[in-house]
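Just passing along the structure, written as structure tokens.
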Amino acid sequence: MVDKNQLRIATRNTGFIDPESVESYIAVGGYQALGKCLAEMKPADVIDLMKNSGLRGRGGAGFPTGVKWGFAAKYASDTKYVVCNADEGDPGAFMDRAVLEGDPHNVLEAMAIGGYAIGGNKGTIYIRAEYPLAIARLKLAIQQAKDMGLLGDNIMGTDFSFDIELKYGAGAFVCGEETALIASMEGNRGEPYTKPPFPAEAGYWDKPTIVNNVETLANIPAIIMKGADWFSGIGTETSKGTKVFCICGKINNVGLIEVPMGTSLKTVIYDVGGGIPDGKEFKAVQTGGPSGGALTYKDLDAPIDYENLVARQSMMGSGGMIVMDEDDCMVAVAKFFLDFTMDETCGKCTPCRIGSKRIYEILDKITIGQGTEADLEKLRSLSHNIKDTALCGLGQTMPNPVLSTMRVFEDEYRAHVIDKKCPAGVCADLLEFTVVEEKCVGCTLCARVCPVNCISGKPKEVHVIDQAACIKCGACLDKCKFDAIIKQ
Amino acid sequence: MSMLTITIDGQAVEMPAGSTILAAAKKVGIDIPTLCQLDMEKQFNQQSAACRICVVEIEKRRNLAPACATSIMDGMVIKTDSQRVIEARKTVLHLMLSDHPLDCLTCEKAGACKLQDLCYQYGIEVSDYPGLRNDYPLDASNEFYTRDLNKCVACRRCVQVCTNFQSTKAIAFGDRGFTTHPVAPFDKGMSDSTCVSCGNCVSVCPVGALLSKSKEKFRSWEVSKVKTTCSYCGVGCQMNLLAKENKVVGVEPMDGASNSSLLCVKGKYGFNFINHPDRLKTPLIRKNGELVEATWDEAYGLIADKVKATKAEYGNDALAGLTSARVTNEENYLFQKLVRAGFGTNNVDHCARL
């Protein structure tokens, strides 16, 4: 489908070429960028070009790629490493998978370019073991590239040699954090360590290492071929190029999109995403996955780029976008994300290990109607202090979903705490299912479907729900043909 | 090495590059509290920086930084006692305390517990964030110490000392999230591990999670400390004997040139002989088939007589000397001198060669 709002750079080949054929990649201009670098450019030229392009890391933090490469190039070492971070772990984000499965040579070529730029000959792709197809295609692609002299010793007949191996992640979210990723690659427990020193100085086996995300790498051959000016002409002042987003949740067109930086949220949700299903009202969109925050209708016109999202107390993250409608409770949403990070914290630093648990517990208390106004204050102060003290990016961003939903939907939190009501009708403990007497015809369907037999009434008479016994499963509501049961 | 100048709480400090903020603060007498920081680790990036108690505010940095694991940079401006820093430390303590029993009344570690000291310093009585606590069974399977993970604050000192210094690697961290805790292989008890019972983990544990099994109950303030050299071998490990009512009840390692705050199982736990009723305190001489207490003069006189008589009757090489690894180098030297020059033989050896 041609969509004028989309522009595909990182995903330019996915879906268009045969990912298991190197010829197919070469036919669309593949490996020309590597050839151009080796034949026409000095390593320093490549780094300058990357700096001028304005490409920033697509894994979340948005660090300028060229600057990172420049640091690694600066340190003298007999060995340097290029690491591709393919440990995609955000719930609802799968752009890296799409690129690896659909265009593996693109990533290999970019890694070799990175190796040439920093003076390194070894590449490693740290990929989660849950991506078997991506792994199979990468293995095949590496073999094909080696057979054609595009990887391995003396690439394209030059002095430059570069080899790539795969390392498998075991599913820990924290291993997407670069220092934890390096620890895991070295065979240690996947835990972050304090920076500095940054990996560009002392990374994998204490050697200068660049860690780049899949999507970042996928942009690079295109930038080399088309030039820095072309790339930096796309996007906003501080964020160049495009970004791949995974839109999911309450949206008509679920899936991957790639749009220029600076595209408004409205365009993404309504034009590309096709709006909210079933005529429901848009409520919020969570960007940045479990590390990000909720944006609302007030932010719909804001151009999406790194700075704008941070200014709205969210973040780019890896590009997950979870769209929510009027039926979503924001307290429950925050609790969902904390449930995730609480399980995924590596447990190294105190604020993240215990703090995530305590935030979750307070949120849980609120969703079952036992929260107090003091709890809201505790949530706020605990969240701020965790952000300030945690060791790595995971802990420092873990309270974001709480802080952002509290800021934008404070009334919803207060409704849970003071009125003991869940306005969106999600938190089961705060709901009540009742029969509207005027509408009930006594068909007995609800009584028959109730799993705990708490609905009583004779046929053709108004039925009654025993509130004490009701487990709030909602089966009666779904079954009633007369809209005679309401939840509130 | 180049010198860098930084400002801590308004004071300028000059320190060599590679120094930590913690060391720089110490130099000008500013106390930054620590818990997981391990003095034995000499390089800043070896510190686990896990507890986050030592966080300080650095101008132009977004987050607070751990003083123990952050090296100084020229021109850094640091605040160690701002409201932001104090609030952060208090939060960390509240969180630690929320997963820790409040049994200081009966805890053997009371008085020497870092968590207790820090809560006292920051005025924290109970946690603001009460919640589910971890619940582990007490592991008393090791002969020399108990492990109560309910008191563990996951500071990692035990794992660091076992891995990086003792090199036994009997423990590591297991699990993820809230239940992250030090484990022996396959999370079995310590008796199923490769633990050599050196007790160095016990020595560095800042709380009561690792405690030596002791015949005597004692609290830290009840004991006097006597610095001495371990008498088990020639290494010369420095240690404090902990004495309560003139009886040795425990041993703690000291930072000596040869042991760097480490001990082995003998030095750490082999002290019961000191107060044992069967311990020999005077020489014994066998008279009429029975061992009878004697003075040193009597004993030396007897030895000299026997040596002289044996030499005269059977020659020098009929004598031999065997010395012990439990005496010092200097004593070993004197002993071989006695055998060679006094006995007139080279028949001298040492138990460590057996």
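To keep it simple, each residue is scored yes or no on (1) farther than 30 Å from A:Ile354 by Cα; (2) within 14 Å of chain A (Cβ to nearest Cβ); (3) outside any loop (DSSP other than H, G, I, E, B); (4) small (Gly, Ala, Ser).
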{"site": "B:Pro182", "(1), (2), (3), (4)": "no, yes, yes, no"}
{"site": "B:Phe186", "(1), (2), (3), (4)": "no, no, yes, no"}
{"site": "B:Thr194", "(1), (2), (3), (4)": "no, no, no, no"}
{"site": "B:Leu211", "(1), (2), (3), (4)": "no, no, yes, no"}
{"site": "B:Thr228", "(1), (2), (3), (4)": "yes, no, yes, no"}
{"site": "B:Val248", "(1), (2), (3), (4)": "yes, no, yes, no"}
{"site": "B:Ala257", "(1), (2), (3), (4)": "yes, no, no, yes"}
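Here is a further query. Here are the criteria: (1) in a helix (DSSP H, G or I); (2) under 28 Å from A:Lys335 (Cβ atoms); (3) free of Cβ contacts under 8 Å to residues at least 40 places away in the same chain. Tell me which single one A:Ala447 does not satisfy.
A:Ala447 satisfies all of (1) in a helix (DSSP H, G or I); (2) under 28 Å from A:Lys335 (Cβ atoms); (3) free of Cβ contacts under 8 Å to residues at least 40 places away in the same chain except (2).
Rundown of residues vs (1) polar (S, T, N, Q); (2) modelled with pLDDT under 95; (3) over 25 Å from A:Thr397 (Cβ atoms), yes/no style:
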residue: B:Met1; (1), (2), (3): no, yes, yes
residue: B:Ser48; (1), (2), (3): yes, yes, no
residue: B:Glu57; (1), (2), (3): no, no, no
residue: B:Val77; (1), (2), (3): no, no, yes
residue: B:Gln83; (1), (2), (3): yes, no, no
residue: B:Glu87; (1), (2), (3): no, no, no
residue: B:Asp99; (1), (2), (3): no, no, no
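Being in a helix (DSSP H, G or I), assigned by TED's automatic domain parsing to the domain that holds A:Leu38 and among the β-branched types (Val, Ile, Thr), is that true of even one residue in the range A:222-243?
Looking through the range A:222-243, at least one residue is in a helix (DSSP H, G or I), assigned by TED's automatic domain parsing to the domain that holds A:Leu38 and among the β-branched types (Val, Ile, Thr).
Oh, and also: Looking at A:Val462, A:Val408, can you tell me which residue is out of contact with any Phe, Trp or Tyr (no Cβ under 9 Å at 6 or more places or on another chain), closer than 30 Å to B:Arg62 by Cα and away from chain B (no Cβ under 14 Å)?
The conditions single out A:Val408.
Right, another one. Those residues that are at the interface with chain B (Cβ under 10 Å from one of its Cβ atoms) and more than 15 Å from A:Arg414 (Cβ to Cβ), I need them from the range A:365-382; list them, please.
Correct list: A:Ser381, A:Leu382.
Oh, and also: All but one of (1) free of Cβ contacts under 8 Å to residues at least 60 places away in the same chain; (2) surrounded by fewer than 17 Cβ atoms within 10 Å (Cβ to Cβ) hold for B:Val159; state the number of the condition that does not hold.
Going through the list (1) free of Cβ contacts under 8 Å to residues at least 60 places away in the same chain; (2) surrounded by fewer than 17 Cβ atoms within 10 Å (Cβ to Cβ), B:Val159 breaks only (2).
Here's another thing I want to ask about it. Can you name the residue in the range A:327-364 that is touching a residue at least 60 places away in the same chain (Cβ under 8 Å), among the hydrophobic types (A, V, I, L, M, F, W, C) and out of contact with any strand residue (DSSP E or B) (no Cβ under 9 Å at 6 or more places or on another chain) and is also farthest from the other protein chains (Cβ to nearest Cβ) among such residues?
So, considering only residues that are touching a residue at least 60 places away in the same chain (Cβ under 8 Å), among the hydrophobic types (A, V, I, L, M, F, W, C) and out of contact with any strand residue (DSSP E or B) (no Cβ under 9 Å at 6 or more places or on another chain), the one farthest from the other protein chains (Cβ to nearest Cβ) is A:Cys329.
Further, regarding this structure: Consider B:Lys90 against the criteria (1) within 10 Å of chain A (Cβ to nearest Cβ); (2) part of a loop (DSSP other than H, G, I, E, B); (3) out of contact with any strand residue (DSSP E or B) (no Cβ under 8 Å at 6 or more places or on another chain); (4) farther than 20 Å from B:Asn134 by Cα: it satisfies all of them except one. Which criterion is unmet?
With respect to (1) within 10 Å of chain A (Cβ to nearest Cβ); (2) part of a loop (DSSP other than H, G, I, E, B); (3) out of contact with any strand residue (DSSP E or B) (no Cβ under 8 Å at 6 or more places or on another chain); (4) farther than 20 Å from B:Asn134 by Cα, B:Lys90 is out only on (2).
With the requirement that a residue be outside any loop (DSSP other than H, G, I, E, B) and more than 8 Å from chain A (Cβ to nearest Cβ), what does the range B:66-87 give you?
Within the range B:66-87, B:Val77, B:Ile78, B:Lys79, B:Gln83, B:Val85, B:Ile86 meet the criteria.
Search the range B:276-289 for residues that are surrounded by 10 or more Cβ atoms within 10 Å (Cβ to Cβ) and pair each with any residue that is assigned to a loop (DSSP other than H, G, I, E, B) and of a type in the set (Gly, Ala, Ser) when their beta-carbon atoms are under 9 Å apart and the residues are at least 6 apart or on different chains.
Listed by first residue and then by second, the contacts come to B:Thr282/B:Ala294; B:Pro283/B:Ala294; B:Leu284/B:Ala294; B:Ile285/B:Ala294.
Now a separate question. Within the range A:395-424, how many residues turn out to be under 27 Å from the mean Cα position of the chain (by Cα), under 26 Å from A:Lys487 (Cβ atoms) and not in a helix (DSSP H, G or I)?
So the answer is 2.
Select from the range A:388-398 the residues that are touching a residue at least 12 places away in the same chain (Cβ under 8 Å) and facing chain B (nearest Cβ under 7 Å) and list them in ascending order.
A:Thr389, A:Leu391
Further question on the same structure: Criterion first (buried (at least 24 other Cβ atoms within 10 Å of the Cβ), polar (S, T, N, Q) and assigned to a helix (DSSP H, G or I)) does A:Asn85 satisfy it?
no
Tally time: how many residues in the range A:148-180 are of a type in the set (Gly, Ala, Ser), exposed (fewer than 15 other Cβ atoms within 10 Å of the Cβ) and within 29 Å of the chain's Cα centre (by Cα)?
Number of matching residues: 2.
Pick from the range A:355-402 the residues that are among the hydroxyl-bearing types (Ser, Thr, Tyr) and buried (at least 19 other Cβ atoms within 10 Å of the Cβ): which of them is modelled with the lowest pLDDT?
The selected residue is A:Thr397.
Any residue at all in the range A:429-444 that's within 14 Å of chain B (Cβ to nearest Cβ) and surrounded by fewer than 22 Cβ atoms within 10 Å (Cβ to Cβ)?
No, the range A:429-444 contains no residue that is within 14 Å of chain B (Cβ to nearest Cβ) and surrounded by fewer than 22 Cβ atoms within 10 Å (Cβ to Cβ).
Looking at the range A:92-111, can you tell me whether even one residue there is closer than 30 Å to A:Thr341 by Cα, among the β-branched types (Val, Ile, Thr) and touching a strand residue (DSSP E or B) at 6+ places or on another chain (Cβ under 7 Å)?
Scanning the range A:92-111 turns up at least one residue that is closer than 30 Å to A:Thr341 by Cα, among the β-branched types (Val, Ile, Thr) and touching a strand residue (DSSP E or B) at 6+ places or on another chain (Cβ under 7 Å).
Give me the pairs: first residue in the range A:365-382 and at positive phi and of a type outside the set (Ser, Thr, Tyr), second residue modelled with pLDDT of 95 or more and not in a loop (DSSP other than H, G, I, E, B), beta-carbon distance under 8 Å, and six or more apart or on different chains, which are they?
Partner pairs satisfying both residue conditions: A:Gly369/A:His416.
Here is a follow-up. Among B:Ala110, B:Ala154, B:Ala140, which is the only one that is hydrophobic (A, V, I, L, M, F, W, C), surrounded by 17 or more Cβ atoms within 10 Å (Cβ to Cβ) and either more than 14 Å from every other protein chain (Cβ to nearest Cβ) or touching a Gly at 6+ places or on another chain (Cβ under 9 Å) (or both)?
When all the criteria are applied, what remains is B:Ala154.
Considering the range A:181-205 alone, what residues qualify as being crowded, with 16+ Cβ neighbours inside 10 Å, among the hydrophobic types (A, V, I, L, M, F, W, C) and more than 10 Å from chain B (Cβ to nearest Cβ)?
A:Leu181, A:Ile182, A:Ala183, A:Met185, A:Phe198, A:Ala200
Moving on to the next point. Could you list all residues from the range B:46-62 that are within 8 Å of chain A (Cβ to nearest Cβ), on the phi > 0 side of the Ramachandran plot and over 22 Å from the mean Cα position of the chain (by Cα)?
B:Arg52
The values are calculated or read from the model by the stated rules, or taken from the named source; none is laboratory data. These numbers were taken from a predicted model, which means no experiment stands behind them. Positions of Cβ are backbone-derived with ideal geometry, glycine not excepted, and every protein chain shown enters the neighbour counts.
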